[in-house]
Amino acid sequence: MKVLLVNPYFGNLVYAPTLGLAYLATYIKEQSGCEVEVHEPVNNFLNERELLEKVKQADYLGLVCYTESRFLCFDFAEKAKKANPHCKIVVGGTHATVLDKEILKHYQFIDYVVRMEGETALLAVIKGEPLDQIPNLTWRSGDNIVRNPDKCLRGTIDQFHIDYSLIW
């Protein structure tokens with residue numbers, strides 16, 4: 001199974017890597033055995049067309065969604081779904097955490113929204129656990145949008161680390 005984690009920002013401003021994607025990628029790779037790639041188009045010098053080629057081979061596409069770049073996220077998600085209709089698209093990040101239901105209501109090509117910390121929720125989705133049992137997940141059940149309860153991560157931040165080979 002292949003998982004792509006992407007910050008779909010194709011702008012030309014000075015940009016720093018999204019450490020949240022690095023933590024997420026490390027956790028998913030170690031806990032699932034999936035092939036995981038992190039792509040920061042600005043840092044990896046990828047254009048949209050090149051990244052969409054990678055999406056064609058993915059089973060899951062995780063997109064980080066910040067308020068300032070939300071329309072870039074939604075635009076890329078729509079193109080990704082057209083490039084690979086079978087790929088499940090998961091959106092997370094601060095904007096998605098607050099506007100999860102609205103995102104699923106207005107953007108039918110997005111399959112799931114992960115709120116708050118995404119490590120355990122995304123892993124559960126990838127493993128095929130029952131959607132109604134996954135905390136921090138917002139999803140569709142027929143015509144209804146379901147918002148599962150929130151759950152903070154237990155333990156300390158020390159339980160997470162970054163495999164830097166995933167982001168360089």
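Look at the dipole of the chain built from charges on Cβ: of Ser141, Leu72, Phe10, the Cα furthest out on the positive end belongs to Ser141. Our coupling estimate for the range 86-93, obtained by passing each phi through the Karplus curve with A = 6.51, B = -1.76, C = 1.60 and θ = phi - 60°, is 8, 6, 7, 9, 10, 10, x, x Hz, Gly and Pro reported as x.
Considering the zone a paramagnetic label at Ser165 would reach in this model (a point 7 Å from Cα along the Cα-to-Cβ line), which residues of the range 29-63 have amide N under 16 Å from it? Those under the cut-off are 29-38.
Among the cysteines of the chain, those with no neighbouring cysteine Cβ under 4.7 Å are Cys34, Cys87, Cys152. Rounded if a/c is under 1.5, else prolate if a/b is larger than b/c, else oblate: which is the range 64-168, with a ≥ b ≥ c the root eigenvalues of its Cα gyration tensor? Cα axes put the range 64-168 in the oblate bin. Taking each DSSP H run with n ≥ 4 as -39500 (n - 2.57) and averaging over every residue of the chain yields -10000 deg cm²/dmol at 222 nm.
Near Phe10, once Lys and Arg are set to +1 and Asp and Glu to -1 for all other residues with Cβ below 12 Å from its Cβ, the sum equals -2.
Only the Cβ atoms of Lys and Arg (+1) and of Asp and Glu (-1) were treated as charged; on that basis the dipole of the range 1-142 about its Cα centre amounts to roughly 340 debye. Using the Cβ of Tyr27 as centre and a radius below 11 Å, the other residues enclosed give a net charge of -3, where K and R count +1 and D and E count -1. Amide H to amide H, with H built 1.01 Å from N, Leu63 comes under 5 Å of Val6, Val90, Val91, Gly92, counting only residues 5 or more places away or on other chains.
Just so you know, all these numbers are worked out from the coordinates, no wet-lab data involved. Here the structure is a predicted model, which is why all the values come from computation and not from measurement. Because the Cβ atoms are built from the backbone with ideal geometry, glycine has one as well, and the counts that use them run over all protein chains shown.
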